[in-house]
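Visitor: Structure in C-alpha cells, see below.
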Amino acid sequence: MKASHLAKVWGLRLLLFAVIVIAWVFGTNVGGISTLILPKITDVLRACVELLGTADIWARIGVTVLEMVIAFLIAASAGLVAGFLLSRREMTGRVGEILLSWGYMFPIVLLYPMFLLWTGVGIESKILYGAVNGFFPIAYNVTLGLRNVEERYLKVGRAFRASPLHTDMVIKMGAARPMILSGLRLGVALVTISVVVAELLGSTTGLGNALQEASTRFNAVDQYALTILLIALTAVLQVIMERALRSRHG
Amino acid sequence: MSQLVVEDLSVEYTSMSGDRFTACTDINLTIESGEFVTIIGPSGCGKSTLLHCLGGLLQPSGGSVKLGESVVDSPDPHKASFVFQDYSLFPWKSVVDNVGMGLKFAGGSKKEVAAQAREKLEFVGLTRFADRYPRELSGGMQQRVSLARALALEPQILLMDEPFGALDEQTRRALGEEMSQILRAAGQTVVLITHSLDEAIFWADRIVVMSASPGRIAEVIEVKHPQPRDLSFMATEEFQQLRVHLFEKVEFNQLQRGPKVSA
C-alpha cells in the first residue's frame with residue numbers, strides 16, 4: 001500500500017475515534033445525559049488509571065489472561081488432533097465436518113450453567129468453556145484443510161515415493177497450512193470472547209467478574225473503565241496471536 | 001543403464017457407470033539408454049496413461065513394463081522421475097526446498113539434500129532464485145524447478161508429461177531448446193509427451209505416434225538428423241516432410257473423427 005493511502009486510512013480511523021470522544025464529551029456536558037447512564041469521559045479515564053494502580057486489578061488481569069491462554073492451548077491441541085484423526089478416513093471426515101460445523105454454529109452459551117455445574121465457579125469452568133468454544137472452528141478448519149489437499153500435490157508424493165509420514169507432515173500439513181492458521185485465528189477470537197462472557201455470567205475473580213460486580217453496585221464509572229480495559233486486553237491478545245498465526249504463503 | 005521394455009501393455013478403466021473402457025492396448029516399445037523419445041497423438045489416445053505406466057504410477061491391466069531385469073510396479077524416482085505439465089511445485093516451500101523434495105522423501109540428511117538441490121538449481125540456471133517461492137517465478141522458471149526436482153534423484157529415465165503445455169509459444173520454444181540441450185549433455189534418457197508437432201520432431205531420436213480409441217501405437221518414426229540440433233533444423237526439407245507426415249497422422253485424423261466437423 002502506498003504511504004499516502006496508508007496515511008489516509010489511519011487519518012480516517014483517528015477521525016472516527018475523535019468523533020466518538022467528542023460526542024461523548026458533548027453528550028455528558030451540553031447534552032445533559034445522566035452520568036448514571038454515561039459518566040464523564042474524564043471520570044472514566046481517571047478510574048482506569050486508579051484501577052491500574054491497584055494490585056487487585058493486576059491479579060484479576062493475570063487470572064483472565066491465564067484462563068484465555070490455557071483455554072486456547074487446550075482448544076488448539078484438541079482441535080489439531082481431532083481434525084487430523086477425522087480427516088484420515090473419508091467416512092469420519094464427512095461425518096465429522098458436519099458435526100463440527102454444527103458445534104461451531106451452536107450457541108454454546110446456553111450450556112454455560114452446566115459448565116458451572118460440572119466444574120464449579122472457579123477458573124476451571126472459564127477454561128473449559130473457552131476451550132470448547134475455540135475447539136470447533138479449529139477442528140473444523142483442520143479437517144476441511146486436510147481433506148481438500150489438491151490431488152496434484154499428492155501425486156508428486158506418490159511419484160517421488162513419499163512415506164506415509166512425509167505425506168502427512170510435509171504435503172498435507174503444508175497444503176492445509178493456510179486453512180489451519182485461519183482456524184487458529186478464529187479460535188483465538190472465540191476463546192477470548194467466551195472467557196470474558198463466562199466471567200460475566202458467573203465467577204469469583206477475573207476482569208469479567210469485576211465488571212459484573214461494578215454493574216450490580218450501579219457503579220457506572222467503574223463499569224465503563226473495566227469495559228475499556230477488557231477491550232484493550234482482548235484486542236492486544238488477538239493482535240499478538242493474529243500476527244503470530246498469519247500465513248506467509250497464501 | 002538399462003533398456004526400458006514395454007510388452008503387450010494394456011490399461012482398462014471401469015467408469016463410474018460401470019462401463020469398461022480401454023485407455024490403451026497392444027503397446028510394445030523398447031527405449032534404449034540415452035535415447036530421447038517423444039510421444040504424440042490426439043487427445044484421449046492414452047499418452048499420459050502410458051507415461052504413468054512407464055513410471056509405475058499406474059498399474060497396467062495387462063502386459064508389463066520392465067527396466068532392465070526388474071518389473072516396474074511402483075514409482076521409484078531413482079529409476080524413473082516425473083516432470084508434470086502443471087509443475088506441481090509446493091507453493092509453501094522455497095524453490096530450493098522444492099528441488100530437494102524427492103531427496104528428502106528418499107531419506108537424505110538435511111545438509112545433503114540442500115547441497116544437492118543447490119547443485120541441481122545451478123544446473124538449470126536458477127541459483128539466484130533458490131530462496132524465493134514458486135509463485136514469484138514465471139511459468140518457464142517453475143518448470144525448470146520441476147525439472148531440477150526430477151533430476152536431483154539422478155534418475156535413469158526422465159518422464160515428461162507435456163512439460164511446456166502451459167507456456168506461451170515463445171517461452172516454450174526457448175525453454176524447450178535449452179532443456180533439450182541440458183538433457184542431451186547429461187546423456188539423459190527422456191520420454192516426453194507433447195501436443196506440438198515441432199517439439200515432437202525437433203528433439204526426438206524417435207517419435208511414437210499414437211492413435212485414439214483405443215489408444216495404440218500407430219507408427220514409430222526415427223529422426224535421423226544428427227544431434228545436437230539447432231533451430232536451423234526446422235528449416236530443412238527433412239523436418240518439413242516429417243511435419244507434413246505427422247500432421248496427416250495426428251491432426252488430420254483427429255479432424256476427421258472430431259464430433260464438431262459436420263458433413
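The values are calculated or read from the model by the stated rules, or taken from the named source; none is laboratory data. What you are looking at is a predicted structure, and each value in this text was computed from that prediction instead of being measured. Neighbour counts are summed over all protein chains in view; Cβ atoms, including those assigned to glycine, are modelled from backbone coordinates with ideal geometry.
Visitor: Here's a check for you: in region B:1-30, which residue that is assigned to a strand (DSSP E or B) and on the phi > 0 side of the Ramachandran plot is surrounded by the fewest Cβ atoms within 10 Å (Cβ to Cβ)?
Guide: Checked region B:1-30; the qualifying residue surrounded by the fewest Cβ atoms within 10 Å (Cβ to Cβ) is B:Asp8.
Visitor: Can you find even one residue in region B:60-69 that is within 12 Å of chain A (Cβ to nearest Cβ), under 13 Å from B:Ile157 (Cβ atoms) and surrounded by fewer than 16 Cβ atoms within 10 Å (Cβ to Cβ)?
Guide: no
Visitor: Right, something else. Within region A:140-170, restricting attention to residues that are among the aliphatic types (A, V, I, L, M) and facing chain B (nearest Cβ under 7 Å), which residue is nearest to B:Gln156 (Cα to Cα)?
Guide: Looking at residues that are among the aliphatic types (A, V, I, L, M) and facing chain B (nearest Cβ under 7 Å), I get A:Ala159.
Visitor: Which numbered condition in (1) under 20 Å from A:Leu200 (Cα atoms); (2) within 16 Å of the chain's Cα centre (by Cα) is the only one that A:Leu51 fails?
Guide: Tallying (1) under 20 Å from A:Leu200 (Cα atoms); (2) within 16 Å of the chain's Cα centre (by Cα), A:Leu51 fails exactly one: (2).
Conditions (1) at the interface with chain A (Cβ under 9 Å from one of its Cβ atoms); (2) surrounded by fewer than 18 Cβ atoms within 10 Å (Cβ to Cβ); (3) not hydroxyl-bearing (Ser, Thr, Tyr), marked per residue:
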position	(1), (2), (3)
B:Ser88	yes, no, no
B:Ser109	no, yes, no
B:Glu112	no, yes, yes
B:Ala115	no, yes, yes
B:Glu119	no, yes, yes
B:Phe123	no, no, yes
B:Phe129	no, no, yes
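Visitor: Among the residues of region A:91-105, how many are surrounded by 12 or more Cβ atoms within 10 Å (Cβ to Cβ) and either without any contact (Cβ under 8 Å) to a residue 12 or more places away in the chain or small (Gly, Ala, Ser) (or both)?
Guide: Result for region A:91-105: 8.
Visitor: On the given criteria, is A:Arg185 free of Cβ contacts under 8 Å to residues at least 24 places away in the same chain and basic (Lys, Arg)?
Guide: No; evaluated as a whole, the condition is false for this residue.
For (1) at pLDDT below 75; (2) assigned by TED's automatic domain parsing to the domain that holds B:Ala200; (3) of a type in the set (Gly, Ala, Ser); (4) in contact with a Lys or Arg (Cβ under 7 Å, 6 or more places away or on another chain), each residue gets a yes or a no:
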residue	(1), (2), (3), (4)
B:Ala218	no, yes, yes, yes
B:His225	no, yes, no, no
B:Pro228	no, yes, no, yes
B:Leu231	no, yes, no, no
B:Thr236	no, yes, no, no
B:Phe239	no, yes, no, no
B:Arg243	no, yes, no, no
B:Lys249	no, yes, no, no
B:Ser262	yes, no, yes, no
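Visitor: Next question. For the structure I just gave you, tell me whether B:Leu183 is farther than 22 Å from A:Gly157 by Cα and in a loop (DSSP other than H, G, I, E, B).
Guide: No, not satisfied.
Visitor: Sort through A:Pro178, A:Pro137, A:Pro113 and tell me the only one that's buried (at least 23 other Cβ atoms within 10 Å of the Cβ) and either within 12 Å of chain B (Cβ to nearest Cβ) or part of a helix (DSSP H, G or I) (or both).
Guide: None of the other options fit; the residue is A:Pro137.
Visitor: Among (1) among the aliphatic types (A, V, I, L, M); (2) within 14 Å of chain A (Cβ to nearest Cβ); (3) outside any loop (DSSP other than H, G, I, E, B), which single condition is B:Val37 missing?
Guide: (2)
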